[in-house]
Amino acid sequence: MPASTPSEPSRGASPLFLREPEIRRGIELLFFGYSHLGRTLDERLAEEGLGRAHHRALYFIARQPDLTVGELLRLLAITKQSLGRVLNDLADRDLMETRAGTRDRRQKLLRLTDSGRALEAQLFEALRRKLSAAYSSAGQEAVGGFWAVLEDLIPESERALLPETDASNARSTGQR
């Protein structure tokens, strides 16, 4: 990595990375990075009369068709009342449908409709472009380190909630 100039901050962490200024820098980068990533979608979501909570529900339902309401509640860590409003909005806009569970008819299984899958794909593509550019700029080793930090922020007991991917399997087996 080339040395940074006075007008360009260093992209590398200080050897004193556990001191308060470095921790604060990490918190600020997480906050601003997430904020800008979210803003990438806000206009498109607003066109549909939706917000970021709707996007999170669309995302996880797309990743796990036939997700139960209980499973989605655990993933999103929101109240049942808040999730109810989100799911009602998605159903009213014909973006999501529910059906009874196969083993327990009281269980609600969530699935995106064709229009819900299309909207989620558009939203994902906007995020994919943004993250791909940032990942390319940072490099493979930095991306692995970033994922490791984010995973370590999640309590071990909740990591099982993450959908399995080839990338997470590689990390858990030490094949970064």
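The values are calculated or read from the model by the stated rules, or taken from the named source; none is laboratory data. Given the structure is predicted, the values throughout are model-derived calculations rather than measurements. Here Cβ is always computed from backbone atoms with ideal geometry, including for glycine, and neighbour counts include all displayed protein chains.
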Here, helices (runs of 4 or more DSSP H) confined to the stretch 17-93 with at least 1 residues that are among the acidic types (Asp, Glu) and in contact with a helix residue (DSSP H, G or I) (Cβ under 8 Å, 6 or more places away or on another chain) are 20-47, 80-92
Exactly one of 156, 120, 125 is exposed (fewer than 11 other Cβ atoms within 10 Å of the Cβ), at pLDDT 95 or above, charged (D, E, K, R) and closer than 29 Å to residue 30 by Cβ, and that one is 125
Exception for residue 114 within (1) over 19 Å from residue 60 (Cα atoms); (2) at pLDDT 95 or above; (3) not hydrophobic (A, V, I, L, M, F, W, C) falls at (1)
Of the residues in the stretch 50-71, those that are more than 27 Å from residue 103 (Cβ to Cβ) and touching a Lys or Arg at 6+ places or on another chain (Cβ under 7 Å) come to none
Out of (1) among the basic types (Lys, Arg); (2) within 25 Å of residue 33 (Cα to Cα); (3) at pLDDT below 95, the one residue 106 does not meet is (2)
